[in-house]
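**Student:** Can you keep this structure in mind? I'll have questions shortly.
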Amino acid sequence: MKKSSIILLPLAFLLVSCSTNGSDEEIETTDVPQATDNTEILAENLEIPWAIEKDNDTFYMTEREGTIVQLTDGNLNRQQVVLDEPVSTASEAGLLGFVLAPDFSETNEAYAYYTYENEEEQFNRIVRLHLDDGQWQEVEVLIDQIPSGPYHHGGRLKIGPDDMLYATTGDAADPEIAQDLDSLGGKILRLNFDGSIPEDNPFQNSYVYSYGHRNSQGITWTEDGEMYASEHGDNANDEVNLIEAGENYGWPQIEGEEGQEDMVTPLFTSGEDETWAPAGVTYTDEKLYVAALRGSAVLAVDLVSNEVQTVTSDFGRIRDTYIEGDDLYFITNNLDGRGSGSEDDDQLIKMNLSE
């Protein structure tokens, strides 16, 4: 059995009762004040933003209903995204993960993960986008027919230090597929930018990098190349995992502090009595900064002291985080149907970590 040290954390968050329908993001009431002394609201009236990217002084944020917000010097431009399939309006679905290509300044290309419905059923796909004259266009499908059920779509996209594209997928409310290596659901996937399978992936002719995931929505790397992922537990037992190629992270056989031979227990867990619903993750200075939806906070996971602290709990449900220098950026999801907020929500917020 592979087992990491587990930290059980009695965090005092304002939460509603646990989920009864399998979703990790139950409706909750959250008071959302204005910016604090070390924070600045950079954008308001966003429409369920999901992912943050930044190119020089310009932010790009996906919105679940199928648009991308461009923000430069306080000027907000909502850009249309022309996709080959209509974006699904299912719970937790839509235009989700987004990452700019490494050569974006020359190619105007990016990668996106979205949920769609056709006449047969509902799926997720990973595509390449091109920006032309203020409008994004789907130009290539890299992976299609990723399982997508009533919820648990995964959806995070990131480029690793190995110049590979990584994607998280959910179990699509069908837990058993997380253990099925022939299914793309409940996994972390690794692919080349052209959609081909890397030759050094852990399973032959497979996009699967790790498996046994319930609904992971955040991945990041340290400067040493260690990979970490956040994951929604079943009502509680939310996780932060150290990800290694080819490993099995247990769902649905184990969760929380449980262990089983040849399965990895999490590095950190919220425990059985608390829940975070962790989403986007970013890293700096030996800490992971984790967006927490039901925790209504940004959490700092200290990889040296094995402590978890609340960085802020002043803005409600947090979906994604982004670090640049001493500045932490995060987006709220108070108006995604599972929270409540002010008329100015949702927001992009900047916090200076050195103050």
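**Student:** Out of 320, 346, 314, 326, report the one residue that is farther than 19 Å from residue 241 by Cα, buried (at least 24 other Cβ atoms within 10 Å of the Cβ) and touching a Ser or Thr at 6+ places or on another chain (Cβ under 9 Å). I'd like the intermediate steps shown before the answer.
**Tutor:** Details: 320 fails: farther than 19 Å from residue 241 by Cα; 314 fails: buried (at least 24 other Cβ atoms within 10 Å of the Cβ); 326 fails: buried (at least 24 other Cβ atoms within 10 Å of the Cβ).
Every option except 346 fails the conditions.
**Student:** Does residue 236 count as outside any loop (DSSP other than H, G, I, E, B), of a type outside the set (Asp, Glu), crowded, with 19+ Cβ neighbours inside 10 Å and in contact (Cβ under 8 Å) with a residue 12 or more places away in the chain?
**Tutor:** Working: outside any loop (DSSP other than H, G, I, E, B): no; of a type outside the set (Asp, Glu): yes; crowded, with 19+ Cβ neighbours inside 10 Å: yes; in contact (Cβ under 8 Å) with a residue 12 or more places away in the chain: yes.
For residue 236, the condition - outside any loop (DSSP other than H, G, I, E, B), of a type outside the set (Asp, Glu), crowded, with 19+ Cβ neighbours inside 10 Å and in contact (Cβ under 8 Å) with a residue 12 or more places away in the chain - is not met.
**Student:** Next up: Among the listed residues 210, 183, 196, identify the single one that is out of contact with any strand residue (DSSP E or B) (no Cβ under 7 Å at 6 or more places or on another chain) and modelled with pLDDT of 95 or more.
**Tutor:** On the way: 210 fails: out of contact with any strand residue (DSSP E or B) (no Cβ under 7 Å at 6 or more places or on another chain); 183 fails: out of contact with any strand residue (DSSP E or B) (no Cβ under 7 Å at 6 or more places or on another chain).
Answer to the check: 196.
**Student:** Could you list, in sequence order, the residues of segment 239-261 that are crowded, with 18+ Cβ neighbours inside 10 Å and of a type in the set (Asp, Glu)?
**Tutor:** Once the filter is applied, which keeps residues that are crowded, with 18+ Cβ neighbours inside 10 Å and of a type in the set (Asp, Glu), segment 239-261 yields 239, 247, 255.
**Student:** Take the conditions surrounded by fewer than 19 Cβ atoms within 10 Å (Cβ to Cβ), at pLDDT 50 or above and under 23 Å from residue 105 (Cα atoms) and apply them to residue 38. Does it pass? Don't jump to the end; show me each part of the working.
**Tutor:** Working: surrounded by fewer than 19 Cβ atoms within 10 Å (Cβ to Cβ): yes; at pLDDT 50 or above: yes; under 23 Å from residue 105 (Cα atoms): no.
Considered against the rule, which asks whether it is surrounded by fewer than 19 Cβ atoms within 10 Å (Cβ to Cβ), at pLDDT 50 or above and under 23 Å from residue 105 (Cα atoms), residue 38 comes out as no.
**Student:** Another question, if that's okay. Filter segment 240-255 down to residues that are part of a loop (DSSP other than H, G, I, E, B) and under 20 Å from residue 303 (Cβ atoms), then give me how many there are. Break it down into steps so the answer makes sense when it comes.
**Tutor:** Just the residues of segment 240-255 that are part of a loop (DSSP other than H, G, I, E, B), to begin with: 244-247, 249-255.
This time we only want the ones that are under 20 Å from residue 303 (Cβ atoms), so: 244-245, 247, 249.
Counting residues in segment 240-255 that are part of a loop (DSSP other than H, G, I, E, B) and under 20 Å from residue 303 (Cβ atoms) gives 4.
**Student:** Go through (1) free of Cβ contacts under 8 Å to residues at least 40 places away in the same chain; (2) assigned to a strand (DSSP E or B); (3) touching an Asp or Glu at 6+ places or on another chain (Cβ under 7 Å) one by one and return the number of the condition residue 78 breaks.
**Tutor:** (3)
**Student:** In addition: Within segment 276-295, is even one residue in contact (Cβ under 8 Å) with a residue 40 or more places away in the chain, touching a helix residue (DSSP H, G or I) at 6+ places or on another chain (Cβ under 8 Å) and either surrounded by 24 or more Cβ atoms within 10 Å (Cβ to Cβ) or more than 21 Å from residue 186 (Cα to Cα) (or both)?
**Tutor:** So far as segment 276-295 goes, no, none of its residues is in contact (Cβ under 8 Å) with a residue 40 or more places away in the chain, touching a helix residue (DSSP H, G or I) at 6+ places or on another chain (Cβ under 8 Å) and either surrounded by 24 or more Cβ atoms within 10 Å (Cβ to Cβ) or more than 21 Å from residue 186 (Cα to Cα) (or both).
**Student:** Ok, one more. Test each condition in (1) more than 17 Å from residue 130 (Cα to Cα); (2) among the small types (Gly, Ala, Ser); (3) touching an Asp or Glu at 6+ places or on another chain (Cβ under 9 Å) for residue 112 and report the one that comes out false.
**Tutor:** (1)
**Student:** Could you please give the count of residues in segment 70-128 that are among the aromatic types (Phe, Trp, Tyr) and over 26 Å from residue 347 (Cα atoms)?
**Tutor:** Qualifying residue count for the region: 1.
**Student:** Turning to a different aspect of this structure: Restricting the first residue to segment 134-156 and requiring it to be farther than 20 Å from residue 120 by Cα, which pairs with a second residue that is among the small types (Gly, Ala, Ser) and surrounded by fewer than 19 Cβ atoms within 10 Å (Cβ to Cβ) meet a Cβ separation below 8 Å and a spacing of at least six or different chains?
**Tutor:** Qualifying pairs under 8 Å: 140/195; 142/195.
**Student:** For residues that are part of a loop (DSSP other than H, G, I, E, B) and at pLDDT 95 or above, scanning just segment 107-134, find the one that is farthest from the chain's Cα centre (by Cα).
**Tutor:** Step one: list which residues in segment 107-134 are part of a loop (DSSP other than H, G, I, E, B), which gives 108, 118-121, 133-134.
In the following step, the residues that additionally are at pLDDT 95 or above were identified as 108, 133-134.
Working: 108: 23, 133: 28, 134: 25 Å.
Looking at the filtered set, the residue picked out is 133.
**Student:** Further question on the same structure: Select from segment 180-232 the residues that are touching a helix residue (DSSP H, G or I) at 6+ places or on another chain (Cβ under 8 Å) and of a type in the set (S, T, N, Q) and list them in ascending order.
**Tutor:** Within segment 180-232, the subset touching a helix residue (DSSP H, G or I) at 6+ places or on another chain (Cβ under 8 Å) is 183, 185-187, 211-214.
Hit for segment 180-232 is 183, nothing else.
**Student:** Restricting the first residue to segment 42-66 and requiring it to be without any contact (Cβ under 8 Å) to a residue 60 or more places away in the chain, which pairs with a second residue that is part of a loop (DSSP other than H, G, I, E, B) and surrounded by fewer than 19 Cβ atoms within 10 Å (Cβ to Cβ) meet a Cβ separation below 9 Å and a spacing of at least six or different chains?
**Tutor:** Filtered contacts from segment 42-66: 57/73; 58/73; 63/47; 65/47; 65/89; 66/83; 66/86.
**Student:** Test of understanding: among 304, 264, 308, 298, which residue is surrounded by fewer than 24 Cβ atoms within 10 Å (Cβ to Cβ) and free of Cβ contacts under 8 Å to residues at least 60 places away in the same chain?
**Tutor:** Numbers: 264 fails: free of Cβ contacts under 8 Å to residues at least 60 places away in the same chain; 308 fails: free of Cβ contacts under 8 Å to residues at least 60 places away in the same chain; 298 fails: surrounded by fewer than 24 Cβ atoms within 10 Å (Cβ to Cβ).
None of the others qualify; the one that does is 304.
**Student:** If you don't mind, another one. Just to be sure before I move on: is residue 311 hydrophobic (A, V, I, L, M, F, W, C), over 19 Å from the mean Cα position of the chain (by Cα) and more than 17 Å from residue 215 (Cα to Cα) in the structure I sent? Quick ask: steps written out before the conclusion?
**Tutor:** Details: hydrophobic (A, V, I, L, M, F, W, C): yes; over 19 Å from the mean Cα position of the chain (by Cα): no; more than 17 Å from residue 215 (Cα to Cα): yes.
When the stated conditions are applied, residue 311 does not pass them.
**Student:** While we're here: So, of the residues in segment 91-106 that are in a loop (DSSP other than H, G, I, E, B) and in contact (Cβ under 8 Å) with a residue 60 or more places away in the chain, which turns out to be farthest from residue 124 (Cα to Cα)?
**Tutor:** To start, the set of residues in segment 91-106 that are in a loop (DSSP other than H, G, I, E, B) comprises 91-94, 101-103.
From what's left, in contact (Cβ under 8 Å) with a residue 60 or more places away in the chain: 91-93, 101-102.
On the way: 91: 13, 92: 12, 93: 9, 101: 20, 102: 23 Å.
Within segment 91-106, the match that is farthest from residue 124 (Cα to Cα) is 102.
The values are calculated or read from the model by the stated rules, or taken from the named source; none is laboratory data. Not measured: the values here are computed from a predicted model. Cβ sites come from the backbone with ideal geometry, for glycine too, and all protein chains shown count toward neighbours.
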